[in-house]
Structures are given as structure tokens and as C-alpha cells.
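Okay, structure first, notes after.
The values are calculated or read from the model by the stated rules, or taken from the named source; none is laboratory data. Just so it is clear, the structure is predicted and the values come from calculations on it, not from any experiment. Backbone-built Cβ (ideal geometry, glycine too); neighbour counts: all protein chains shown. The area values use the complete protein model at the heavy-atom level, side chains included, leaving out ligands, DNA and RNA. Shrake-Rupley method; radii C 1.70, N 1.55, O 1.52, S 1.80 Å.
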Amino acid sequence: MSVNRLLRVGTVAVASLGVLALSACGSDPESSANPGSTSSSSGGGDCPKGTLNAEGSSAQKNAIEEVISKYNNDKCTDVKVNYNPTGSGAGIKQFNAGQVDFAGSDSALKTEAKDGGEAEAAAAAKRCQGSPALNLPMVIGPVAIAYNVDGLDKLVVDGPTAAKIFQGTIKTWNDPAIAKLNPNAKLPSAPIAVFFRSDESGTTENFTKYLEAAGGGAWTGKPAKKWTGTGAGKEKSAGVAEGVKSTKNSITYVEWSYAVDNKLGVASVDTGAGPVELSAESAGKALAAAKPAGTGSDLAMKLDYATKAPGAYPIILVTYEIACSKGLPAEKTALVKSFLTYFASADGQSTLTELNYAPLPEEIRTKVDAAIQAIS
């Protein structure tokens, strides 16, 4: 089923859940008479009042800012939502330190400790007063291999070639490996200028997972939020996009909307089943191959970066909203549930395609909504 068709599937309001959530959140009974307050389509109750602070993934910046605007204009006018796109690593650290109410991360919380430290999931459980934090998939952000080369309107890469470019073993644009994939292209002899995320980034982790899975051994590093390949570092998605925009003969990996906004070239990826152009539909086909990695209300997903499914664009990331299943004060719980309920709704997801994201497939969206309603 295509992503566009999934967008047309509506949600059904469940009034009894709305009453329960309203009672649990301790909402003002007079709020239902407030013309600026409306009931949530997924049972979040009348709109609460207050400020919600969140931080993390810059890949979802354009998506979440648009959803915040719609939430305030169309649903809850008395909730102020602040989102700081500092990167996934920073967002998780701030969430675990109790500095924000939820975090955006382009990878699920790590369950294993690294370098003798505490595992992200364990630290998050402490922050949630002993209850687990949830990985709630909310935004599907295809990762573009974006470039700036005069006269190169189309570019095809495959996993091994991409891995060698970003590892630094392919150094010029007219390298035989690139020329073989682009027989009709005018490729300059100029050096390839690579830009990478200098901050800890879930986009980096997802891209290096692709390079490892599809690179045929050409990528020597391990998937991680911190870059280990070649190139010049720039902070956040906006930084690498601007770096490529202002530098001829350059290339980077960046969330799709940033490539489009900066009018960068976007490479097609040959997975072994022919070159696949990046689109919401081709990203949706890759998501269809994902497997659940979490249990219960934890909806972490395992993506298949080496998929050879026809028409599937393999380099995608899922931005999770990291939220406490329990443990927040009641007023914060009401705010988190209200906003995330709207974000996960058909209405909240409906704008994402226009912003060059892919909306959640309906079968995943309904699971996310159910997990949000279980937050207490």
C-alpha cells in the first residue's frame, strides 16, 4: 500500500478513552466551554494549558515545527511547545538529565552501555522515576545523498561506491566506479569535498548503518552517532546542507527536506534491483521491510538497510519521540499526551509529505497512538 493512500485513512475517535484521559489529567471542567479548546481525536481529552519543552533530532525540525504550528492554530491555543533541534545525542542527554519533557532521536535508546558508561535506556528509566521510556516512531525522514556538481543533473550511486566516497578511498568525481554507474554523465576530475555531521547525530548513525550493510566491506567503521569517515564537519542538518550548497563538487548525507530546501542534487541509489529515486513512496516501501525491535508500548524498529525490494529507497531514518511511560508530574503528562496524540494523528501526519517526509503507515500510526494513550 502506498504512503499516499495511507494518508487517506482516517482515525476514529473513541469517546470513552477521552473521558478517562480527561479525568486522569485533572483537566479544568470549564475548559470544555473554551472555544479555543477542542477534544483530541485520539482520546487525549480537552486541551491542557502550559509549556512543553523538547529537544533533539534536527532531521525532524521542519516536520515538528509545522506540526507545532498546526497544533496551536487548529487544536490547542494555550499550549506553548518549544523544540530545540540540537541533534539526537544532545536531546537524549537533556531528556535523561530531566531538562526537557521529551526528546527527538533518529535512533532508539541504546540498551547496552558503551565505554563503561550507563546505557541510554537505563538512564532514561531513572529519569522516568523507575518506569521505562518509550521509543515512539513519529517521523520518517529519508536520508538523501546530496551533492553540488555543475552540470550533473542526475547521479547514481550504490552501496560500495557510497561507502568508498565517504570513507575517502574514492577521491575524485571521475573515478571509474562513479563513471560506471553514470555512463552518460559529464564527471569532473575535481576532488570530492565530503561534509559530515560534527555533532552526535542519529542521521549519522542511520547513514553509517546503511554504509555497513550495503557497502560490501568498503566501510571500515562501526555505526555510531559520531562520524568516523572522511571530510569536513558541520553542525546539524542545516550545517551540512549549507556546506554543500556553498561548495562546488561537494557531497553529504542529510535528511531529504534539507536537500530540497537548499536545491541540492539528490542521488538515486542502486540497491541491486536498479536505481531508485528518493520519494515518499520509495521510502515507504523500505519502511514496509522494517521489523519490530521493541516490546509492548516500546515501538523501536529494525530497518533493513540492505533491502533489494524493487522500488525501495534503502536509506531512511525514523525519528522517535522519547517519552516517559510514567513518572512525569500530572500536568506535564497531560501536555505530553496532548501534543504527541496530535502529532501521531492522521491530521498531524497529513502535512509531512508536503515537507518531504514520509508519513507513518496506518498500521504503525495506530500502534503509536495506543502507546501514547497508555502513558500515565
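Overview of results
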| quantity | calculated |
| --- | --- |
| Odd one out for Thr295 among (1) part of a loop (DSSP other than H, G, I, E, B); (2) of a type in the set (Val, Ile, Thr); (3) over 28 Å from Gly98 (Cα atoms) | (3) |
| Subset of the range 258-271 (residues that are surrounded by 24 or more Cβ atoms within 10 Å (Cβ to Cβ) and under 15 Å from Tyr357 (Cα atoms)) | Tyr258, Ala259 |
| Boolean, Tyr342 is assigned to a loop (DSSP other than H, G, I, E, B) and either in contact with a helix residue (DSSP H, G or I) (Cβ under 7 Å, 6 or more places away or on another chain) or under 22 Å from Leu155 (Cβ atoms) (or both) | no |
| Evaluation of Ile315 against (1) surrounded by 18 or more Cβ atoms within 10 Å (Cβ to Cβ); (2) free of Cβ contacts under 8 Å to residues at least 12 places away in the same chain (one fails), failing number | (2) |
| Candidate set from the range 200-252 (those that are of a type in the set (Asp, Glu) and not in a helix (DSSP H, G or I)); member that is farthest from Gly87 (Cα to Cα) | Glu235 |
| Unmet criterion (only one of (1) surrounded by 22 or more Cβ atoms within 10 Å (Cβ to Cβ); (2) within 27 Å of Asp150 (Cβ to Cβ)) for Trp219 | (2) |
| Scope the range 145-191; condition farther than 19 Å from Asn262 by Cβ, open to solvent by 50 Å² or more (accessible area, probe 1.4 Å) and in a loop (DSSP other than H, G, I, E, B); matching residues | Thr169, Lys171, Asn174, Pro183, Asn184, Lys186, Ser189 |
| Matching entry among Gly216, Gly202, Gly159, Gly229 (being touching a helix residue (DSSP H, G or I) at 6+ places or on another chain (Cβ under 6 Å) and over 27 Å from Ser58 (Cβ atoms)) | Gly216 |
| Residues of the range 318-356 classified as surrounded by 24 or more Cβ atoms within 10 Å (Cβ to Cβ) and in contact with a Pro (Cβ under 8 Å, 6 or more places away or on another chain), total | 8 |
| One residue from Ala312, Ala273, Ala330 being within 23 Å of Gly202 (Cα to Cα) and among the small types (Gly, Ala, Ser) | Ala312 |
| Strands (runs of 3 or more DSSP E) enclosed by the range 37-134 - at least 1 residues per element that are modelled with pLDDT of 95 or more and more than 23 Å from the chain's Cα centre (by Cα) | 50-56, 79-84 |
| Residue pairs meeting the criteria (Cβ under 9 Å; at least 6 apart or on separate chains; first in contact (Cβ under 8 Å) with a residue 24 or more places away in the chain and in a loop (DSSP other than H, G, I, E, B), in the range 268-279; second open to solvent by less than 60 Å² (accessible area, probe 1.4 Å) and acidic (Asp, Glu)) | Thr271/Asp158; Gly272/Asp158 |
| Exclusive hit being open to solvent by less than 20 Å² (accessible area, probe 1.4 Å), in contact (Cβ under 8 Å) with a residue 40 or more places away in the chain and of a type in the set (Gly, Ala, Ser), set Ala306, Ala300 | Ala300 |
| Every residue from the range 226-257 that is open to solvent by less than 10 Å² (accessible area, probe 1.4 Å) and at pLDDT below 95 | Ser237, Glu255, Ser257 |
| Count of the range 96-130 residues which are open to solvent by less than 20 Å² (accessible area, probe 1.4 Å), in contact (Cβ under 8 Å) with a residue 40 or more places away in the chain and over 20 Å from Lys61 (Cβ atoms) | 3 |
